[in-house]
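Throughout, read-outs are computed from the coordinates displayed, never taken from laboratory work. Owing to the predicted nature of the structure, the values given are computational and were not obtained by experimental measurement. Because the Cβ atoms are built from the backbone with ideal geometry, glycine has one as well, and the counts that use them run over all protein chains shown.
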Amino acid sequence: MADSTTPNYGLTLPEVGASEDTWGTKINADMTLIDTQMKASADVAAAALPKAGGTLTGDVSHGDNVKAKFGAGDDLQIYHDGSYSRIHDEGVGSLILQTNGSNVSINSTGKNMGVFTKDAGVALYYDGVQKLATTSTGVDVTGTVTADG
């Protein structure tokens, strides 16, 4: 009967009662292989993010319909469905956008659609041109106001 190997790492299992003069060489080779595998496993584990905390240092790519989910019941989902980019809120309470900056701007290809300015007003635009704005005294409208009723 000849030497055999272990199924996972391919370590040599010397035949019992045979090749006694080469057992040391075989065991040393196996120990080197085990050491290499353990070092690789430790390096991979050290590079992995912990289950809590940690910092990503690169981009995270999600394919179409792959959702970033937040909350115990997947209350908030952010994804692209192949046609539209979506922020989907199913949780209780409100969806709140909060900034420490001076304003929140919604725009498309460099054209403002809406600007919300901290401690000031809100401006709404049509095709990049401001049409409605809140002021300290009320509302300013540029153009015609049409009302029903």
remark   = Of 117-125, 19-27, ordering from highest average Cβ density within 10 Å down gives 117-125, 19-27
inquiry  = What are the ³J(HN,Hα) couplings of region 107-123, residue after residue, when phi is run through the Karplus curve with 6.51, -1.76, 1.60 and θ = phi - 60°? Round to Hz, x for glycine and proline.
reply    = 9, 9, 6, x, 9, 5, 10, x, 10, 10, 9, 4, 6, 9, x, 10, 10
ask   = For the chain, what value does the Rg/Rh ratio take when both radii are computed over Cα atoms and Rh is the Kirkwood radius, given to two decimals?
value = 1.39
request  = Starting at the first residue of region 89-105, write each ³J(HN,Hα) from the Karplus equation 6.51 cos²θ - 1.76 cosθ + 1.60 with θ = phi - 60°, in whole Hz, x for Gly and Pro.
outcome  = 10, 10, x, 6, x, 9, 8, 10, 9, 10, 9, 8, x, 7, 7, 10, 10
query = Between residue 132 and residues 5 or more places away or on another chain, which pairs have amide H atoms under 5 Å apart, with H built 1.01 Å from N, and which residues are they?
reply = 124, 142
request  = Output ³J(HN,Hα) for region 70-79: one whole-Hz value per residue in order, computed from phi by the Karplus curve 6.51 cos²θ - 1.76 cosθ + 1.60 with θ = phi - 60°, and x for Gly and Pro.
outcome  = 10, x, 4, x, 6, 4, 10, 10, 10, 6
remark   = Cα-based Debye curve of region 81-122 sampled at q = 0.19 Å⁻¹ gives log₁₀ I(q)/I(0) of -0.83
remark   = Taking placed amide H atoms and a strict 5 Å upper bound, the residues 5 or more places from residue 80 or on another chain that come that close are 65, 66, 86
Extension gain, residue 106 back to residue 83 (0.36 nm per residue minus Cα-Cα distance, nm) = 6.4 nm
Amide hydrogen neighbours beyond the local backbone of residue 11, cut-off 5 Å, H modeled = 6
request  = Given the peptides 47-57, 98-108, 5-15, arrange them by the average over their residues of other C-beta atoms within 10 Å, most packed first.
outcome  = 5-15, 98-108, 47-57
key: DSSP-assigned coil residues among chymotrypsin sites (Phe, Trp or Tyr not before Pro) in region 66-98, each with at most 13 further Cβ atoms within 10 Å   = 84
note = Scoring only Lys, Arg, Asp and Glu (+1, +1, -1, -1) among other residues with Cβ under 15 Å from the Cβ of residue 78 yields -4
